[in-house]
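Input: a single structure, listed below in structure tokens.
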Amino acid sequence: MTLDRRTMLGAGSALIAGTTLAAAADSKPPPKHADAPVATKSAPTLGGGATGDIFAVVETTSGKVQGITNAGIKEFKGIPYGAPTGGKNRYMPPKKPAPWTGLRNCIGLGPACPQTPADLRTDYGMMIQWDCHVGPGGMDEDVLHLNVWTPGVNDNAKRPVLVSFHGGGYTTGSGNFPGYDGAQLARFGNVVVVTVTHRLAAYGYLNLVDAGAPAAFADAGVCGIQDLVASLEWVRDNIANFGGDPSRVMIFGQSGGGAKTSVMLGNPAAKGLFHRAAVQSGSALRLATREDSAKLASALLAKLNISKGNAATIQDVPWQDILVAQTAVSMESGGQFGPVLDGTYFPHHPFDPAAPAESADVPVIISTMVEDAALRLTNFDLDAAGLHDLVAKRYGDKADAIIAMYRKAWPNKTPYLIQAQIFTDSGFRRSAYAQGERKAALGKAPAYMYLWEWPSPGFGGKFGAVHGIDVSASFHNVRDPIVGVGSAEGALMCKRLASTWCSFAATGDPNNAEIPHWPSYDAATRATMIFDSNMRVENDPRGEMRNFWNAMPPAGGPAG
């Protein structure tokens, strides 16, 4: 069975802040677009210039923004941190947003980067509501927006700041997705939460220069990561007015978001913009090579009937045509667009052959799920004979020994879940081990490792401890189906991980009242926190599996 590397990230329920009260109190109709500037009123009202208890106004470096209050949390959505990225800005480094006068309505979400919607038919997707990657806000190239949730504004409170990079590999998703709604985490931990939307796939990582484009397109293969840097520069310059502390910024992400976090840890341009990081099921060690990325770019230009000598004309192509070409190229080649080791913006891989010096002073949490690979496995009726045949096709006469090793550790797991563990250990988890080892070897800021064993109760628990449960938990979204829709045990798991996130953001140490004895990770002890009903630290959990797979050729994994 082949694992689909397309990752679906985000889960949960958004808190919807209505605007009917504001509309009724103002004689003028609300603007047609959520982010359209509106004139500032001369006195506070419950209309477009409101500054009362329902609304909140904050000054940013580009102008004033208006958010809305929901159960004490101030929500600002669709704040531009960069200019639109279409037309002549396409494939260029992000530019600052144009300043505005008056008051900008930031109650509605901005657009997501153009992408192909995911498959709505899968049980996994329905369980965690991740298949509508586009989410609210629609699609467009005016994509450089972020969302902020905070308990207070203009109060000099200096709260820890948690910046989420969304999942979906480098191809899909957005910071708008309901699973990343930061209201519950902001309420729970008295922290400021930020989610970011940026350029993806062929819009953010197209190596045009090596496909024949002029030198002006030198950043086309990395501009999606440049967007993330621009978002952190916005946080540095503005978050204090939103009640946050720009000297205590934590970046984190799951799957594709973990990969982006890994890349930012090795990005010279991001140095100093964040102070802690967490990588959830997304440890990325290497970037795309110039050679491989140039092949993808050349194939996309060919799909668009653009010759190499006219590569610059891709700025004139409708974004819809690029999406069609991108989808076709990915399906035909199996290649994935991602940030490029260009030798200039990125002088080295993020974690190969060693952890990056740029973030040596940044403590990092690294994690995997026991059954991460169950993300895209659908053979739930797999029996013992089928498991043996499947493993034998990959590993020949080692099949009996492999299955016996897993059965000894997990005698009651279904063949479906044993298969998921084998695929996770043989591929994806190896990168997490390597990332933790290399970070610890620097001997500066610590690495902390966790392994999530608590199974999702969704769909009768058939998915096990599947890819993505810890997204809901990290955002303290206790009502998500993946953590049992408010079940007592699911709520406890959310409390444990959300407490970890808030403590880590505040101090750089994950130890807290819920989890008080979490040692750092190194290659000697491999101390790992096990997230389960029975929380505990184990040294080198799954050590037998780790040693076995280290002696085997590497394989792929579930996360982008």
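Please enumerate the residues belonging to region 460-473 that are touching a residue at least 12 places away in the same chain (Cβ under 8 Å) and either surrounded by fewer than 24 Cβ atoms within 10 Å (Cβ to Cβ) or assigned to a loop (DSSP other than H, G, I, E, B) (or both). Please lay out each step first, then the result.
So in region 460-473, the residues touching a residue at least 12 places away in the same chain (Cβ under 8 Å) come out as 462-473.
Result: LYS462, PHE463, GLY464, ALA465, HIS467, GLY468.
Does region 501-526 hold any residues that are assigned to a loop (DSSP other than H, G, I, E, B) and touching an Asp or Glu at 6+ places or on another chain (Cβ under 7 Å), and which are they? So that I can check it myself, show each step before the final result.
Taking region 501-526 as the starting set, the residues that turn out to be assigned to a loop (DSSP other than H, G, I, E, B) are 508-526.
Those that are assigned to a loop (DSSP other than H, G, I, E, B) and touching an Asp or Glu at 6+ places or on another chain (Cβ under 7 Å): ALA523, ARG526.
I'm checking my understanding of the structure. Among residues of region 341-389 that are among the hydroxyl-bearing types (Ser, Thr, Tyr) and more than 23 Å from the chain's Cα centre (by Cα), which one is surrounded by the most Cβ atoms within 10 Å (Cβ to Cβ)?
We begin by selecting, within region 341-389, every residue among the hydroxyl-bearing types (Ser, Thr, Tyr); these are 344-345, 359, 367-368, 378.
From the residues that got through so far, the ones that are more than 23 Å from the chain's Cα centre (by Cα) too are 344, 378.
Numbers: THR344: 9, THR378: 13.
If we take residues in region 341-389 being among the hydroxyl-bearing types (Ser, Thr, Tyr) and more than 23 Å from the chain's Cα centre (by Cα), then THR378 is surrounded by the most Cβ atoms within 10 Å (Cβ to Cβ).
Just wondering, is there one or more residues in region 193-204 that are in contact with a Leu (Cβ under 9 Å, 6 or more places away or on another chain) and open to solvent by 10 Å² or more (accessible area, probe 1.4 Å)?
At the first step, the residues of region 193-204 found to be in contact with a Leu (Cβ under 9 Å, 6 or more places away or on another chain) are 193-199, 201-203.
Checking the rest, the ones that are also open to solvent by 10 Å² or more (accessible area, probe 1.4 Å) come to none.
Checking region 193-204: not a single residue is in contact with a Leu (Cβ under 9 Å, 6 or more places away or on another chain) and open to solvent by 10 Å² or more (accessible area, probe 1.4 Å).
Can you pull out every residue in region 409-463 that is within 19 Å of GLN254 (Cβ to Cβ), more than 21 Å from the chain's Cα centre (by Cα), of a type in the set (Gly, Ala, Ser) and at pLDDT 95 or above?
ALA420
Looking at LEU301, LEU296, which is the one that is in contact with a Lys or Arg (Cβ under 9 Å, 6 or more places away or on another chain), more than 30 Å from SER474 (Cβ to Cβ) and of a type in the set (A, V, I, L, M, F, W, C)?
Values: LEU296 fails: in contact with a Lys or Arg (Cβ under 9 Å, 6 or more places away or on another chain).
LEU301 is the lone residue from the list that is in contact with a Lys or Arg (Cβ under 9 Å, 6 or more places away or on another chain), more than 30 Å from SER474 (Cβ to Cβ) and of a type in the set (A, V, I, L, M, F, W, C).
Test ARG187 against the stated conditions and say whether it is farther than 28 Å from ALA157 by Cα, touching a residue at least 12 places away in the same chain (Cβ under 8 Å) and among the charged types (D, E, K, R).
Values: farther than 28 Å from ALA157 by Cα: no; touching a residue at least 12 places away in the same chain (Cβ under 8 Å): yes; among the charged types (D, E, K, R): yes.
Spelling it out, it is not the case that ARG187 is farther than 28 Å from ALA157 by Cα, touching a residue at least 12 places away in the same chain (Cβ under 8 Å) and among the charged types (D, E, K, R).
Only one of ILE314, ILE322, ILE365 is more than 30 Å from PRO84 (Cα to Cα) and of a type in the set (A, V, I, L, M, F, W, C). Can you tell me which? Lay out the reasoning, then the answer.
Working: ILE314 fails: more than 30 Å from PRO84 (Cα to Cα); ILE322 fails: more than 30 Å from PRO84 (Cα to Cα).
Going through ILE314, ILE322, ILE365 in turn, the sole match is ILE365.
Of all residues in region 474-490, count the ones that are assigned to a loop (DSSP other than H, G, I, E, B), at pLDDT below 90 and not hydrophobic (A, V, I, L, M, F, W, C).
5
Against the condition open to solvent by less than 30 Å² (accessible area, probe 1.4 Å) and over 27 Å from ALA409 (Cβ atoms), how does SER456 come out, does it pass?
On the way: open to solvent by less than 30 Å² (accessible area, probe 1.4 Å): yes; over 27 Å from ALA409 (Cβ atoms): no.
Considered against the rule, which asks whether it is open to solvent by less than 30 Å² (accessible area, probe 1.4 Å) and over 27 Å from ALA409 (Cβ atoms), SER456 comes out as no.
Hey, could you check region 317-340 for residues that are open to solvent by less than 40 Å² (accessible area, probe 1.4 Å), more than 18 Å from ASP219 (Cα to Cα) and part of a loop (DSSP other than H, G, I, E, B) and say which is modelled with the lowest pLDDT?
In this case the residue turns out to be GLY335.
Mind listing whichever residues of region 139-179 are of a type in the set (A, V, I, L, M, F, W, C), under 21 Å from GLY67 (Cα atoms) and surrounded by fewer than 24 Cβ atoms within 10 Å (Cβ to Cβ)?
VAL153, ALA157
Name every residue in region 255-273 that is open to solvent by 10 Å² or more (accessible area, probe 1.4 Å) and not in a helix (DSSP H, G or I), in order of residue number. Walk me through it before giving the result.
As a first pass, look at region 255-273 and keep what is open to solvent by 10 Å² or more (accessible area, probe 1.4 Å): 268-269, 271-273.
Listed by number, the residues that qualify are LYS271, GLY272, LEU273.
Condition (residue is in contact with a Leu (Cβ under 8 Å, 6 or more places away or on another chain), at pLDDT 95 or above, among the β-branched types (Val, Ile, Thr) and assigned to a loop (DSSP other than H, G, I, E, B)) applied to region 137-146: is it met by at least one residue?
Of the residues in region 137-146, the ones in contact with a Leu (Cβ under 8 Å, 6 or more places away or on another chain) are 137, 145.
Then keep just the ones that are at pLDDT 95 or above; that gives 145.
Right, trim to among the β-branched types (Val, Ile, Thr) and you get none.
For region 137-146, residues in contact with a Leu (Cβ under 8 Å, 6 or more places away or on another chain), at pLDDT 95 or above, among the β-branched types (Val, Ile, Thr) and assigned to a loop (DSSP other than H, G, I, E, B): absent.
What are the pairs with Cβ atoms under 7 angstrom where one residue, in region 479-502, is among the basic types (Lys, Arg) and the other, located anywhere, is at pLDDT below 95 and open to solvent by 20 Å² or more (accessible area, probe 1.4 Å)? Sequence gap at least six, or different chains.
ARG479/SER13; ARG479/VAL485; ARG479/GLY486; LYS495/GLU514; ARG496/GLU514
Select, from LEU417, LEU390, LEU382, the only residue that is under 30 Å from SER499 (Cβ atoms) and not acidic (Asp, Glu). Walk me through it before giving the result.
Values: LEU390 fails: under 30 Å from SER499 (Cβ atoms); LEU382 fails: under 30 Å from SER499 (Cβ atoms).
After applying the criteria, what remains is LEU417.
Would you check if PRO97 is open to solvent by less than 30 Å² (accessible area, probe 1.4 Å), modelled with pLDDT of 95 or more and in a loop (DSSP other than H, G, I, E, B)? Break it down into steps so the answer makes sense when it comes.
Numbers: open to solvent by less than 30 Å² (accessible area, probe 1.4 Å): yes; modelled with pLDDT of 95 or more: yes; in a loop (DSSP other than H, G, I, E, B): yes.
The answer is yes for PRO97.
Hey, ALA312 hits all of (1) crowded, with 21+ Cβ neighbours inside 10 Å; (2) touching a Pro at 6+ places or on another chain (Cβ under 9 Å); (3) small (Gly, Ala, Ser) but one; which does it fall short on?
If we test ALA312 against (1) crowded, with 21+ Cβ neighbours inside 10 Å; (2) touching a Pro at 6+ places or on another chain (Cβ under 9 Å); (3) small (Gly, Ala, Ser), just (1) comes out false.
Give the residue that is surrounded by the fewest Cβ atoms within 10 Å (Cβ to Cβ), with candidates limited to residues of region 480-518 that are among the acidic types (Asp, Glu) and more than 24 Å from the chain's Cα centre (by Cα). Write out each step before concluding.
Filtering region 480-518 for residues among the acidic types (Asp, Glu) gives 480, 489, 509, 514.
Now restrict to residues that are more than 24 Å from the chain's Cα centre (by Cα): 489, 514.
Numbers: GLU489: 12, GLU514: 14.
So the residue we want is GLU489.
Say whether the condition of being within 20 Å of PRO214 (Cβ to Cβ) and in contact with a strand residue (DSSP E or B) (Cβ under 6 Å, 6 or more places away or on another chain) is met by at least one residue in region 291-301.
yes
The values are calculated or read from the model by the stated rules, or taken from the named source; none is laboratory data. Note that the structure is a prediction, hence the values are computed from the model and not measured. A quick note on method: Cβ atoms are made from the backbone with ideal geometry, for glycine too, and the neighbour counts reach across all protein chains shown. Remember, those area values only see protein heavy atoms, side chains included, never the ligands or the DNA or RNA. Shrake-Rupley method; radii C 1.70, N 1.55, O 1.52, S 1.80 Å.
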